[in-house]
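The values are calculated or read from the model by the stated rules, or taken from the named source; none is laboratory data. Note that the coordinates shown come from a computational prediction; the quantities given were computed from them, not determined experimentally. Here the Cβ is made from the backbone with ideal geometry for all residues, glycine too, and neighbour counts use every protein chain on show. With ligands, DNA and RNA removed, areas are computed over all heavy atoms of the protein, side chains included. Shrake-Rupley method; radii C 1.70, N 1.55, O 1.52, S 1.80 Å.
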Amino acid sequence: MDWSEPNPERQALLRQNADMTIRVGAIGAGNMGASHIRDLSFAVSGSEVSVIYDFDQARAGALAVQVGARSVGSVEELMAADDVDAILIASPDDVHAEHATLALATGKPVLCEKPLAVVEADAKAIVEAEAASGQRRILMGFMRRFDPGYTALKAELTAAGIGEPLMIHNVHTNTSAPYGLATERTLTNMVVHEFDISRWLLDEEFASVMVLAGKPGPLTTEGERDPILVILESASGVIVEVQAFVNSQSGYEVSCRVTGSLGQAVMGDGSFITRTKAFSRGTEVPEQWLGRFADAYRLQLQGWIDSLLAGGTPPGASAWDGYVATIISNRAIESYRTGQRVAIDLPSAPALYA
Ligand code: ISE
């Protein structure tokens, strides 16, 4: 069932549970965590945020006051709380795996921000633990799968649209390095989105990856490379390129051009207004991603809450998808380090993810 669009079946299930509210415990009150917490409190129906943890306790406390939650002093306390039905993980990338492992052990449903893990072995352990539990509890925060732009693009990849996809070119820029620039982090934090969304668009796996790091931009940290070009080849031979530039200074942009067997489809940068003024014409470019993907984040959260109220499997990317994205990013790091094209061999998926 597609939980991201209103439909009668979904509405009937929701009516049955109309008096229920999912109380979310949120780990992380930074940029992303605060955005999710506000959405779950004010923009999504059927949810509230009951408990917040952040390593910066003042930040957690201030946000808790705004949304009518309470803040706690540890992750363990949050996870065990009786007034937490579901857990949101929006902590720093390096501790996602640790928090997802703890959250799985509680048996509560989890929305985990990307990446599932920075290191492949950690992602593998989470998938094994979830598979052993026999139930899909983790929804991965690959929100682009809910973005109206990407869903419209996927709809083009049919005989009625541009036909079979043959080549994809992505551009992904950030204005400046959000947490200091390390090229390997560009792969695990930023290009990980393209690893996931391209698998989803193509509906097939990747067979190899190659990272090319050319001339560094003027703000690139000594010893690091930015921008980079990542070239993936799918099992059937589709070439997917990702041009990633963390320190672009030009603003935040995500675009995707698919060359198909019958035509081309381009998802632009999300700017819908062209202003003409003072004898020039142009569009505004956001500084950051929260605005560009606001709908995607909200639809993802609503889909998650609806699936919990209806007792169904969460929509969107699974822990398995998170694991595959981590494997690809780890092979991309190997390619960056060695300068070689690196093969991607995926293990077979446990039955839970079939
Ligand atoms: C950030 O962490 C995100 O997840 C954004 O969606 C992405 O576009 C950006 O490049 C990342 O730094």
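Some observations on this one:
- For region 324-339, the candidate set comprises residues that are closer than 11 Å to PRO115 by Cα and not β-branched (Val, Ile, Thr); within that set, the residue that is surrounded by the most Cβ atoms within 10 Å (Cβ to Cβ) is SER329.
- Of all residues in region 261-309, those satisfying the criterion of being surrounded by 13 or more Cβ atoms within 10 Å (Cβ to Cβ), among the hydrophobic types (A, V, I, L, M, F, W, C) and over 27 Å from VAL238 (Cα atoms) are VAL285, TRP289, LEU290, ALA294, LEU299, LEU301, TRP304, ILE305, LEU308, LEU309.
- Residue match in region 193-210 (condition: of a type outside the set (D, E, K, R) and within 12 Å of the ligand (Cβ to nearest atom)): yes
- Which listed residue, of ALA117, ALA103, is assigned to a helix (DSSP H, G or I), modelled with pLDDT of 95 or more and of a type outside the set (D, E, K, R): ALA103
- ALA80 hydrophobic (A, V, I, L, M, F, W, C) and touching a strand residue (DSSP E or B) at 6+ places or on another chain (Cβ under 6 Å): no
- Of all residues in region 183-199, exactly one satisfies the criterion of being more than 28 Å from GLU284 (Cα to Cα) and either modelled with pLDDT under 95 or open to solvent by 50 Å² or more (accessible area, probe 1.4 Å) (or both), namely GLU184.
- Members of region 243-260 found to be open to solvent by 40 Å² or more (accessible area, probe 1.4 Å), away from the ligand (no atom under 12 Å from the Cβ) and modelled with pLDDT of 95 or more, listed by number: GLN243, ARG257, THR259
- Listing of helices (runs of 4 or more DSSP H) fully contained in region 1-95 that carry 3 or more residues being among the small types (Gly, Ala, Ser) and modelled with pLDDT under 95: none
- Of all residues in region 269-300, those satisfying the criterion of being of a type in the set (A, V, I, L, M), more than 11 Å from the ligand (Cβ to nearest atom) and touching a Phe, Trp or Tyr at 6+ places or on another chain (Cβ under 9 Å) are VAL285, LEU299.
- Of the residues making up region 216-233, those that are surrounded by 19 or more Cβ atoms within 10 Å (Cβ to Cβ) and among the hydrophobic types (A, V, I, L, M, F, W, C) are ILE228, VAL230, LEU232.
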